[in-house]
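The values are calculated or read from the model by the stated rules, or taken from the named source; none is laboratory data. Nothing here was measured: the structure is a model prediction, and the numbers come from that model. Cβ atoms come from the backbone with ideal geometry, glycine included; neighbour counts cover every protein chain shown. Please note that ligands, DNA and RNA were not included when accessible areas were found on the heavy atoms of the full protein model with its side chains. Shrake-Rupley method; radii C 1.70, N 1.55, O 1.52, S 1.80 Å.
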Amino acid sequence: MVITLGLKGRSRFSGNQGNEVIFNEGYTSITTFNSSIGERHYEANKSISQLRFSLSKKWLDRYFGENKFKQFFNKSGIQQLSHQSISYQGIIAAQQLLTSNVSSEVRLLFMHGQAMSLLAAELSHLCEEKSEHSGRFNQKDRDMAKLARDILFHEFKNPPSVEDLSKRAGTNQFKLKKLFHHFFNNTPYGLLLEIRMNNAYQLLESTRCHVSVAADFVGYSHASNFSVAFIKHFGISPKVISKK
């Protein structure tokens, strides 16, 4: 099984049996295959960045239970199991894997932890058991929730109100909150706070900037309010992160 996160650009793999897999920016593609003979196609004069994990059935059995994914390995050739937006948790873990500057003594342990977090987030939907309430939400609802999440992810400094966010996602405030609870186990404000705090942490850690710079970067007018929120979220002062 191969999990591919499209971080930048797009590409296509054409198998020798006529199978085709698309890798798009912002999407996670999950595939299984017995043979990978074929050709990769890239867009001319455009850069591409992908994060790819290759998992054996034995590894999957170890962490998810024996034969949990057995049905995905029965077919020959290439099989695309999933192609959906990268989860918020997956985005954060990927950023940490690629940009975090941790000491060499703990780097391997840190990377292992981030990789496991990313894989758990991106594989979870394949092993979810359908509950008696799962029929309440369909693919359109999932797409609306992801659209709203992506808006917050890209506009965290000047985010829309919940009312405007709902309109842009094509629903109302009441349903948007229910969708966030179902798909992200969070509220729109709660997810916005996570996005802001994680972006601030990464900026402080990677640039050692002043706390006021990080506060402004994530949309706080007052550094003191930002510091209170940061300490409440991480249990540590932003000053400690910028100076360590």
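Any idea what angle helix 139-154 forms with the longest principal axis of the chain, computed on alpha-carbon atoms, 0 to 90 degrees, nearest 10? So the helix axis and the longest Cα principal axis differ by about 40 degrees.
Of all lysines in the structure, the ones whose alpha carbon falls short of 24 Å from that of K8, not counting any fewer than 8 places away in one chain, are K46, K146, K157. Think of a 1.4 Å ball rolled over the protein heavy atoms: the stretch 52-96 then has 56 Å² of accessible area per residue. How tilted is helix 173-184 with respect to the longest principal axis of the chain? Cα atoms for both, answer in degrees (0 to 90, nearest 10). So the helix axis and the longest Cα principal axis differ by about 60 degrees. Note the angle between two axes, namely the Cα long axis of helix 188-207 and the longest principal axis of the Cα atoms of the chain, as a number of degrees from 0 to 90, rounded to the nearest 10. The helix 188-207 is inclined about 80 degrees to the chain. Note on the chain: with a GNM built from Cα contacts shorter than 10 Å, the maximum mean-square fluctuation among T187, T99, T31 falls on T99. Placing R0 at 41 angstrom, the Cβ-Cβ distance between S14 and E66 gives a FRET efficiency of 0.75 after rounding to 0.05. Compute log10 of I(q)/I(0) for the stretch 104-210 with the Debye formula, placing one identical point scatterer on every Cα and leaving out solvent, at q = 0.09, 0.11, 0.13, 0.22 Å⁻¹, to two decimals. So the normalised log intensities work out to -0.32, -0.46, -0.63, -1.22. Say we join alpha carbon atoms closer than 10 Å with springs in a Gaussian network model of the chain; which of R52, R62, R168 then has the biggest fluctuation? Between R52, R62, R168, it is R62 that shows the largest mean-square fluctuation.
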